[in-house]
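Have a look at the structure below, then the notes.
The values are calculated or read from the model by the stated rules, or taken from the named source; none is laboratory data. Just so it is clear, the model here is predicted, and its values are computed rather than measured. Note: ideal-geometry Cβ built from the backbone for every residue, glycine included; neighbour counts use all protein chains shown.
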Amino acid sequence: MKKKTMLSLAASTMVASVALTACGGGASAPSETSPAAIDKAANADKSITLWLAGGDTPDELRAYLKDNFKAKTGATLKIEEQGWGDLITKMTTALPDPNNTPDVVEMGNTQSPTFTNIGAFLDVSDMYEELGGDSLIPSFVEAGSVDDTKYTLPYYAGSRYMFFRKDLWKEAGVDTPKTLDEFNSAVTAITEKNPRDIKNFSGFFLGGQDWRNGVSWIYANGGDLAKKEGDQWVSTLADENTLKGLAQLQEIYKNASKAPSDAKDVTPWLYINDADLILDEEGKPTGKTTLSAATIMAPNWAQFSIGDLKKVDGKEARVWNDEKFGIFALPGNDGQPAPVLAGGSNIGISAKSQNPELSKELLRIIFSEEYQNMLGKAGLAPGNLDYSSSLGTDQFATTAIAAMKNSKLTPAAPGWAAVETNQVLEEFFGKIESSTDLKALAEEYDAKITPMLNLN
């Protein structure tokens, strides 16, 4: 595939209306490609800017990057947080401008292909082995590459799995499922039994537009969202295997989820937490909740938002309660963990950075053993799989790793960001429950999506 010019950046992404709405001891030793010595005094007045997306990188890690970058280079690292909602718009505007571009950028792994295919990032192929090589998450590396040239590399990953209310499952008399069909049957049974007589109760809360979780049913049946045919990408919603997954999803929407048809994958933990609020002191329903669920699907970092509401250091916080809450990897049709959409980010150096060497030093710190382990301890799967043990050995770590082994990314099509930006899949998924002809619906959206996938 030919890489397009930076001039195409504004044109192709703006035509698509790209503005997306799917985390102390020094860095590792420099390799042969690193400068033999860094003139810290000469760098004293220099600075580079790192854009971090959202708030997943904790303050402790941000401070580590700033302090270690200063100690190593003598220069200053400025960190600017960008919201996920307007990240692509800002990247589209800033990356082509050498006077305003951030030097290093974190972006969603599904956003990377659009920018790597139009020359927005610096070629870091010569650093690939130094920064982790084949130990870096392969699907993320692929999303950040054009042919064999590496432009962005995996920053962190998040694995999606199921969070459930042990108490409600037990009261409904339902066991943990071993296959995808068993899961569908289990959450349908919990919804029908509704052991606490909760209004708008879902055995499994799945938003009508939540394609990022819903795509697991497509993947589990051997389907996909798109595939490459020759030099062109085509949407495959009407593929036979994809339709099998869509049929299973329709069953859930009809029988197990009371989530609104326009709900996405935002804060689903509210509904599993709030299942408590409908009981009074005598354990009787109060009717105070409008939406509750026995089960949700969310990235592994949702664990920090689920639990009993308690005072921690003077502030209200959710504290996990093993008696009430549990987790398991979504099972596939074969009993193994179902393929799930891998959340997470890639990171790269702007092709227009005026400080590429300093930016490379920042990457060396980010991909150092110490920082990668810090990511894991913060609940974010490090981009280098050699350090995945830093996630720990508790139930969250083992379940996340099990789910991650079968995880997939969205298609690495150059125009994929436009599909997400225009929320075409949200629109499609929102129509699944009421559809009387899934194949016709899928064919309609294949016709919409295919032209968006290729930056021609």
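In table form, for the structure just shown:
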{"item": "Any helices (runs of 4 or more DSSP H) falling wholly within region 38-143 and containing at least 2 residues that are of a type in the set (Gly, Ala, Ser)", "result": "59-73, 138-143"}
{"item": "Counted residues, region 390-422 - those being surrounded by fewer than 16 Cβ atoms within 10 Å (Cβ to Cβ) and of a type outside the set (Lys, Arg)", "result": "6"}
{"item": "Qualifying residues in region 392-418 (those that are among the hydrophobic types (A, V, I, L, M, F, W, C) and within 22 Å of residue 244 (Cβ to Cβ)) - the one farthest from the chain's Cα centre (by Cα)", "result": "403"}
{"item": "Selection count, region 334-392, where residues are part of a helix (DSSP H, G or I) and of a type in the set (Gly, Ala, Ser)", "result": "5"}
{"item": "Number of positions in region 155-174 that are at pLDDT 95 or above and in a loop (DSSP other than H, G, I, E, B)", "result": "3"}
{"item": "Cβ pairs under 6 Å, 6+ apart, first in region 298-309 and over 15 Å from residue 341 (Cα atoms), second in a helix (DSSP H, G or I) and basic (Lys, Arg)", "result": "none"}
{"item": "Yes/no for residue 381 being under 21 Å from residue 330 (Cβ atoms) and touching a Gly at 6+ places or on another chain (Cβ under 9 Å)", "result": "yes"}
{"item": "Residue list for region 220-248, filter: crowded, with 22+ Cβ neighbours inside 10 Å and in a helix (DSSP H, G or I)", "result": "220, 242, 245, 246"}
{"item": "Contacts under 6 angstrom Cβ, first residue in region 58-72 being surrounded by fewer than 19 Cβ atoms within 10 Å (Cβ to Cβ), partner outside any helix (DSSP H, G or I), 6 or more apart", "result": "58/378; 62/79; 66/77"}
{"item": "Pairs with Cβ under 6 Å, 6+ apart, first in region 171-198 and farther than 13 Å from residue 251 by Cβ, second assigned to a helix (DSSP H, G or I)", "result": "172/190; 172/193; 174/186; 174/189; 174/190; 177/183; 177/186; 195/171"}
{"item": "Matching entry among 179, 188, 152 (being under 25 Å from residue 421 (Cβ atoms) and at pLDDT 95 or above)", "result": "152"}
{"item": "Residue list for region 303-340, filter: out of contact with any Gly (no Cβ under 9 Å at 6 or more places or on another chain), of a type in the set (A, V, I, L, M, F, W, C) and within 20 Å of residue 402 (Cβ to Cβ)", "result": "306, 327, 328, 329, 330, 340"}
{"item": "Any hit, region 355-366, residues being acidic (Asp, Glu) and surrounded by 22 or more Cβ atoms within 10 Å (Cβ to Cβ)", "result": "yes"}
{"item": "Residue in region 112-131 that is under 26 Å from residue 398 (Cβ atoms), touching a Phe, Trp or Tyr at 6+ places or on another chain (Cβ under 9 Å) and surrounded by fewer than 24 Cβ atoms within 10 Å (Cβ to Cβ) present", "result": "no"}
